[in-house]
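**Q** Sharing a structure, written as structure tokens. Questions coming.
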Amino acid sequence: MDNHEQLDPRELLAGATDRTEATADTPAVVDEDASRQQAMEARELRAIIEALLFVSAEPVPLDRLMVALGTISKPEVKQGLQALREEMDREGRGVQLIEVAGGYQIVTRLEYASWIKRLAKAKAAPKLSRSGLESLAIIAYKQPIVRAEIEQIRGVEVSGVLRTLLERKLIRMVGRKDVPGRPIMYGTTKLFLQQFGLSELSQLPPLREFKELGEAEQALLPVEEGLAIGESDTVLTGASNDSTTAEPLPDA
């Protein structure tokens, strides 16, 4: 007779059931930990992106963000940007994340412009004159364009105005026109896009709408108070049909 104590089959079945339940519970715990880790990583990525954009004085292109973030993939960066934008909107923050001038930037919300003006009132930035604003509008809609063409439209000499716009980095020299004398051609800059909240020039409104901008939109550009874009008898047309060749300028 076998001296080993016989086990109750019910005990064996109960033990097997306990082990099965313990094994079944393990994936759930692992999944929960993984989800918590992913949430922490996503939150940290949003915080890093926010910090990078906060310290930048100009829009940061997606490629530059990816270089700064290292091993983070493009889809992950885009997802982080979208999540940060939605988080700012949902929480009603005084700043927002926008896509502008080929990059991303954290800016104040338009509805708080009057409060920001109060803060900056003691140190007002230099403003564009009417002639500067008119010349800038001509360049924006007819670029690339040379000084003589701007003067023909405005009927006045504009060398001083162009110098001011160049100093403000609202326009730049983009090449030389392939005509006798090879005059310099001018175009707008990324800062111009940034001031108007545009991603690209194709987003410029029709001239009729441009002239009808409200005070909030006009405040995006540093112009003299009460002066609206297009506020003159000058009639501007769309992009010039003249055949031009944009060639690089010689090194200074």
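The values are calculated or read from the model by the stated rules, or taken from the named source; none is laboratory data. Source: prediction; values computed, not measured. With ideal geometry, Cβ positions are generated from the backbone for all residues, glycine too; neighbour counts draw on all protein chains shown.
**Q** Can you list the helices (runs of 4 or more DSSP H) lying wholly within region 1-91 that have 1 or more residues being among the hydroxyl-bearing types (Ser, Thr, Tyr) and at pLDDT below 65?
**A** Details: elements: 9-55, 62-69, 74-91.
Helices (runs of 4 or more DSSP H) meeting the threshold: 9-55.
**Q** Something else now. Since Ile106 meets every condition but one in (1) in a helix (DSSP H, G or I); (2) in contact (Cβ under 8 Å) with a residue 12 or more places away in the chain; (3) within 25 Å of Arg64 (Cα to Cα), which condition does it not meet?
**A** It fails just one condition, (1).
**Q** Out of Pro144, Pro75, which single residue is without any contact (Cβ under 8 Å) to a residue 40 or more places away in the chain and not polar (S, T, N, Q)?
**A** Checking each option against the conditions leaves just Pro75.
**Q** If you don't mind, another one. Output the number of residues of region 137-183 satisfying the condition of being outside any helix (DSSP H, G or I) and either touching a Cys at 6+ places or on another chain (Cβ under 9 Å) or closer than 18 Å to Ala101 by Cβ (or both).
**A** Residues meeting the conditions: 7.
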